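Participant: Here it is, the structure in full.
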Amino acid sequence: MTVLKVITYGNNILRTPSKEVHKISAKIQKLIDDMFDTMYANNGVGLAAPQVGYNYRIFVLDDSGEKEQPRPKVFINPKIIKKHGAINSYEGCLSFPDVYINVRRCENVIIKAKDIKGRPFTLEATGGILLARAIQHEYDHLEGNLFIDHTRNRFETENILQEKGLPALEPDNLLEEAELEEKIQENEVKNPPVTNAT
Ligand code: ZN
């Protein structure tokens with residue numbers, strides 16, 4: 001078991017787009033094992049290879065709850081083939097210790113990827129569930145995008161980053177999501193948000 005060091009915000013590796021994996025070698029399999037060890041050791045829901053210093057298109061996640069059997073999932077060379085709907089969610093990221101911010105996400109996502117044995121699979125996650133949000137979050141890491149780029153409240157996020165001693169927001173990386181924001185606000189009018197701990 002090897003718990004790797006998690007790279008934190010400010011390191012350029014997190015902004016570098018990752019490369020496809022051409023062969024699932026023993027080295028890649030070991031990396032994936034270590035990514036799971038690192039994710040579980042840090043109580044994370046997901047972890048992408050760049051977060052441990054490798055710009056490969058790989059992420060792992062486990063969306064099981066505390067009292068459930070683990071549900072480890074590996075995504076190699078993933079491609080989001082469809083996403084729609086809009087939700088907001090408070091997210092954290094192992095590369096941003098103790099930071100939780102309100103971000104925009106799609107509600108539904110269909111992703112194609114390869115598993116640890118190189119077998120292709122397609123997975124659909126709907127209803128804005130944790131799995132749907134985690135897939136989008138981890139996929140972003142492979143593109144060099146970060147959850148703060150989806151922030152709904154730039155000023156609140158600036159304050160949190162400063163409070164935690166992390167580098168400031170990078171305005172050039174903020175994503176233009178006017179349509180998503182509009183849909184989230186429409187939903188909020190229909191279903192006022194309920195505050196709950198996640
Ligand atoms: Zn993350």
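The values are calculated or read from the model by the stated rules, or taken from the named source; none is laboratory data. Only a predicted model underlies this, so the values are computations on that prediction, with no experimental measurement involved. Glycine also receives a Cβ, built like all others from the backbone with ideal geometry; neighbour counts cover every protein chain displayed. Remember, those area values only see protein heavy atoms, side chains included, never the ligands or the DNA or RNA. Shrake-Rupley method; radii C 1.70, N 1.55, O 1.52, S 1.80 Å.
Participant: Does region 1-117 classify as rounded, prolate or oblate by the C-alpha gyration tensor (a ≥ b ≥ c root eigenvalues; a/c under 1.5 gives rounded; else a/b over b/c gives prolate, otherwise oblate)?
Facilitator: Working: a/c = 1.30, a/b = 1.18, b/c = 1.10.
It is rounded, given that a/c, with a ≥ b ≥ c, falls under 1.5.
Participant: Using 1/(1 + (r/R0)^6) with R0 = 22 angstrom and r between the beta carbons of E186 and L130, what's the FRET efficiency to the nearest 0.05?
Facilitator: 0.45
Participant: What number, in percent, do you get for the relative contact order of the chain if the mean sequence gap of Cα pairs under 8 Å and at least 6 apart is divided by its residue count?
Facilitator: Relative contact order of the chain: 21 percent.
Participant: Please report the net charge: other residues with Cβ closer than 13 Å to the Cβ of F121, K and R +1, D and E -1.
Facilitator: +4
Participant: Take the Cα atoms of region 129-198, build their convex hull, and give its volume per residue in Å³.
Facilitator: 128 Å³
Participant: Further question: Quick one: compute the contact order of region 1-102, relative version, from alpha carbon pairs under 8 angstrom and 6+ residues apart, as a percent.
Facilitator: Rounded, it is 28 percent for region 1-102.
Participant: Which whole-number value in Å² is the accessible area per residue of region 43-136, probe 1.4 Å? Mind dumping the intermediate values first?
Facilitator: Details: 4390 Å² over 94 residues.
On a per-residue basis, 47 Å².
Participant: Rounded to a whole number, what % of the accessible area of region 1-143 do carbon and sulfur atoms account for, probe 1.4 Å?
Facilitator: Roughly 50 percent of what the probe reaches on region 1-143 is carbon or sulfur.
Participant: Something else now. Just from its helices, what would the mean residue ellipticity at 222 nm be for the chain, if runs of 4 or more DSSP H residues each count -39500 (n - 2.57) and the sum is divided by every residue, rounded to the nearest 500 deg cm²/dmol?
Facilitator: The helix-only estimate for the chain comes to -8500 deg cm²/dmol at 222 nm.
Participant: Right, next: What is the pair-distance distribution P(r) of region 12-190, computed from all Cα-Cα distances in 10 Å bins starting at 0, with each bin given as a whole percent?
Facilitator: 9, 37, 38, 14, 2, 0
Participant: For labels at K27 and K67 in the simple 7 Å Cα→Cβ model, what's the distance in nm?
Facilitator: 4.5 nm
Participant: My understanding is that a pair violates if its Cα-Cα distance is over 21 Å; which of K83/K164; K23/K114; K82/K112; K79/K183 do that in this structure? Can you show the working numbers first?
Facilitator: Values: K83/K164 32 Å; K23/K114 11 Å; K82/K112 10 Å; K79/K183 24 Å.
Cα-Cα > 21 Å for K83/K164; K79/K183; rest within.
Participant: Here's a follow-up. Of the candidates P167, P70, P97, which one comes out as most mobile in a Gaussian network treatment of the chain with C-alpha springs shorter than 10 Å?
Facilitator: Among P167, P70, P97, the largest mean-square fluctuation in the Gaussian network model of the chain belongs to P70.
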